[in-house]
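Below is one structure, written out as structure tokens, with a few remarks after it.
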């Protein structure tokens, strides 16, 4: 399958003969980046905010998923697991409920963590199941900061990590840099690539971080 990043928390997941998914389409007027011109069968929204819920930017969509549940669409199994922002156990009115999504493409699983702010509970981790590829917010500002992102990765133990939701030249938001996260993971500067092609047989044994260039189409 192929994973393409369009900036912020927006990705497109494609696999031959299966439904195409777009995650968290943003409103570029408030977030920055380039206007989205995407087509997909399924759009998922982690939470109701302009950086994540601009479903009108994606054409051809037959299903919009905005919360927890289990879905099977076009050969893709989708599990939505709801988390509440704070770690105190108290639900604040200001807290935005966040939905994590796991997309199962014939046994290859991709988890999109949305604006996760805390390390998932054991129950949430079990609900997510095995995660091959984790799309992880790393820049703070409503999502995980670098240290928390590293902690979440150690809990989920994915084969591949793709960072998202961090400072770039085209975002209008005040977020931490990618380098902060890479240092937290004990890594130096990483080569970027336009998209990530993943196969079950090609998954690394140890967790690897892949940095994507955001696309401008």
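The values are calculated or read from the model by the stated rules, or taken from the named source; none is laboratory data. Quantities reported herein were computed from a predicted structural model and do not represent experimental measurements. Glycine also receives a Cβ, built like all others from the backbone with ideal geometry; neighbour counts cover every protein chain displayed.
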Only residues in the stretch 116-127 that are within 17 Å of residue 158 (Cβ to Cβ) count as the first member; pair them with residues that are assigned to a loop (DSSP other than H, G, I, E, B), Cβ under 8 angstrom, at least 6 apart or cross-chain, and list the lot.
116/143; 116/144; 119/87
Any residue at all in the stretch 52-75 that is assigned to a loop (DSSP other than H, G, I, E, B), at pLDDT below 90 and within 25 Å of residue 118 (Cβ to Cβ)?
yes
A careful count of residues in the stretch 18-38 that are surrounded by fewer than 19 Cβ atoms within 10 Å (Cβ to Cβ), modelled with pLDDT under 95 and within 18 Å of residue 63 (Cα to Cα) gives 1
